[in-house]
Amino acid sequence: MHTQEFASQFIQRFKDLQALKVGPPDRRLPRFERDRFSVVGRPDERPEGDPGLALNTGFNIGYIRCAPGKGHCSHSHSDFEVFIPMSGRWKITLEGVGDVFAEAWDVVAVPGGLFHSAVNVGDGDAYMMSVNAGQMTAGYRIAPEIEAELASLTE
C-alpha cells in the first residue's frame, strides 16, 4: 500500500470535515443546536460525498461545535462515553452526581447507563470530542424529560 492510498482510507483531515445533516432529535430545541462531525465510524450518518473514515473499528469518534450556552441534551449509552474538550470550557452534568467542568484536553469518562449532558460555558464557540463503543452509530437513550419536551413540539 502506498502513502496516498493509506491516506485516503485511514486519515481524516480536520479541514475536510463536513457537519452532519442528520442528527439526534434534541437539536430541534434551540439550546441543543450544534454542529456534529463524524470523524471515525457512523457511515450511515455521513453527508453525500463526505470523505470521512466510515470504518467499523468498534468505536466512534465525533466532534461537536457549538456556541456558548449550547450543547447536547441529557442522554445515556449502554457503554462508556468519553469526552475530551478540544477548546473552551464545558459543564458536564451527570445524573445523581452533579456538574463537572472540563477544559481543553481534559478527559471525562461517563459510565454506561448514566444520564449526562454537556454545555459550552466558555466565551466563544468551542469544540468537544466524544468517543463511544459501537460498530456503527453509538446507541443512546434520551432522558425522559427531554423526550416529553420534544413530544410537546409535535402536539
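The values are calculated or read from the model by the stated rules, or taken from the named source; none is laboratory data. Worth saying up front: this structure is predicted, and the values here are computed from it rather than measured. For neighbour counting, all protein chains shown are included, and Cβ atoms are generated from backbone atoms with ideal geometry for every residue, glycine included.
Hey, could you check segment 23-45 for residues that are farther than 11 Å from Lys70 by Cα, surrounded by fewer than 19 Cβ atoms within 10 Å (Cβ to Cβ) and of a type in the set (D, E, K, R) and say which is modelled with the highest pLDDT? Among them, the one singled out is Arg28. Of all residues in segment 1-14, those being under 19 Å from Asn60 (Cα atoms), of a type outside the set (Gly, Ala, Ser) and assigned to a helix (DSSP H, G or I) number 3. Among the residues of segment 56-79, those that are among the hydrophobic types (A, V, I, L, M, F, W, C) and part of a strand (DSSP E or B) comprise Phe59, Ile61, Ile64, Cys66, Cys73. Scanning segment 106-136 for residues that are under 16 Å from the mean Cα position of the chain (by Cα), assigned to a loop (DSSP other than H, G, I, E, B) and within 18 Å of Arg34 (Cα to Cα) yields one hit, Asp125. Return yes or no: is Val82 in a strand (DSSP E or B), without any contact (Cβ under 8 Å) to a residue 12 or more places away in the chain and of a type outside the set (Ser, Thr, Tyr)? No; evaluated as a whole, the condition is false for this residue. Among the criteria (1) surrounded by fewer than 12 Cβ atoms within 10 Å (Cβ to Cβ); (2) modelled with pLDDT of 95 or more; (3) of a type in the set (A, V, I, L, M), the one Met1 does not fulfil is (2).
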